[in-house]
Amino acid sequence: MLFQLSGLTKKFATSTAVDQVDLSVERSQFIGIIGASGAGKSTLLRMLNRLNDPTSGTIRFRGQEISSLTGAEKRAWQSRCAMIFQQFNLVPRMDVVSNVLHGTLNRRNTLATMFNIYPEKDIHHAIDILERLGISEHAAKRAQALSGGQQQRVAIARALMQDPQIVLADEPIASLDPMNAQIVMDSLRSIHDQDGKLVICNLHTLDTARRYCDRIIGMRAGRVVFDGTGDELTLSAARDIYGADSSFSEAATSTSVDVLADHKMPELAIA
Ligand SMILES: Nc1ncnc2c1ncn2[C@@H]1O[C@H](COP(=O)(O)OP(=O)(O)OP(=O)(O)O)[C@@H](O)[C@H]1O
Ligand SMILES: [Mg+2]
């Protein structure tokens, strides 16, 4: 058993963002989390790597209680559990390879970090990762000089530099055009297929989730309302996730989930 979430709940002052979520992940998969805005997708992901602390409930990974880790143990967990964000979170004025090397920060001393000094083998490893993601030619450029899709691949390279066991991605393609979205999703997929890592990815379109994910988790109002494969994600399941109101009532007459997805959310035209 990899992850076991039990009764996982996160309350903010005025809302319950994640509400009594029970989930198990038994083996490495490529998992997509979908749901309307405010459904709790980001909060769930942020609790997994302890950027947000649960209000109640537990997170176990390989039997170890994650939700109670503090200090160095918590930081060690965060480096095993890399996070990729919609807005890349690179240092814009710093060169690409240094941004990637930032992935090693958790295991380096402060002085070396301050002077931006890295062991040669780490620099070679960073360039190998950039090469694998098809962007090594940009290694010496400032991050801000790259396109959005290239920057997101730098962020993925930085995550891989951590040598994580788990990669979490919070809407990694939401700011990208269709072509770059496809390249970034293919890169994430290869981290699962080639490296065997567990990847959990929040996605804002059904179609992308169905195309890339082994398993799709649908959230609504903080709760898990769907957990299955893309094929099992029927029109009625999609309505449970996104709600039957507003724009969905018209689309509900259609039998095609894709029509529904297109109706609610303009889909990326990934070929
Ligand atoms: N730091 C916070 N303080 C207060 N409320 C928050 C905070 N973060 C999230 N929330 C609330 O928790 C709920 C779930 O938010 P969350 O960001 O997890 O949703 P989401 O599914 O990721 O949405 P989106 O698709 O828009 O990214 C929302 O009602 C949101 O307003
Ligand atoms: Mg979110």
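Please treat every number below as a calculation from the coordinates, not as lab data. All values reported here derive from a predicted model rather than from experimental measurement. Every residue, glycine as well, gets a Cβ built from its backbone with ideal geometry; the counts of neighbours run over all protein chains shown.
General observations
- Rounded to the nearest 500, the helix-only mean residue ellipticity at 222 nm of the chain stands at -10500 deg cm²/dmol, with each DSSP H run of n ≥ 4 adding -39,500 (n - 2.57).
- Stretchable slack from Asn89 to Leu23, in nm (0.36 nm times residue separation minus alpha-carbon distance): 20.9 nm
- Loop-located trypsin sites (Lys or Arg not before Pro) in segment 29-105 (DSSP state not H, G, I, E or B) with no more than 13 neighbouring Cβ atoms inside 10 Å: Arg62, Arg93.
- Cβ-Cβ FRET estimate between Ala13 and Ala145, R0 fixed at 35 Å, reported to 0.05: 0.30
- Each listed q (0.12, 0.14 Å⁻¹) maps to a log10 I(q)/I(0) for the chain, found by the Debye formula over equal Cα scatterers with no solvent: -0.75, -1.00.
- Here the simple spin-label model places points 7 Å from the Cα toward Cβ, and for Asp193 and Asp163 these points are separated by 2.5 nm.
- 0 to 90° range, to nearest 10: angle between helix 148-161 axis and the chain longest Cα axis: 70
- Debye, to nearest 20: dipole size of segment 3-233, +1 on Lys, Arg Cβ, -1 on Asp, Glu Cβ: 600
- Pairs exceeding 25 Å between alpha-carbon atoms, taken from Lys41/Lys74; Lys121/Lys141; Lys74/Lys121; Lys11/Lys197; Lys41/Lys197: Lys74/Lys121; Lys11/Lys197.
- Positive-end extreme of charge dipole, segment 3-233 - chosen from Ser15, Ser147, Val224 (charges on Cβ): Ser15
- Neighbour count of at most 12 Cβ within 10 Å plus DSSP loop: longest chymotrypsin sites (Phe, Trp or Tyr not before Pro)-free window in the chain: 116-271
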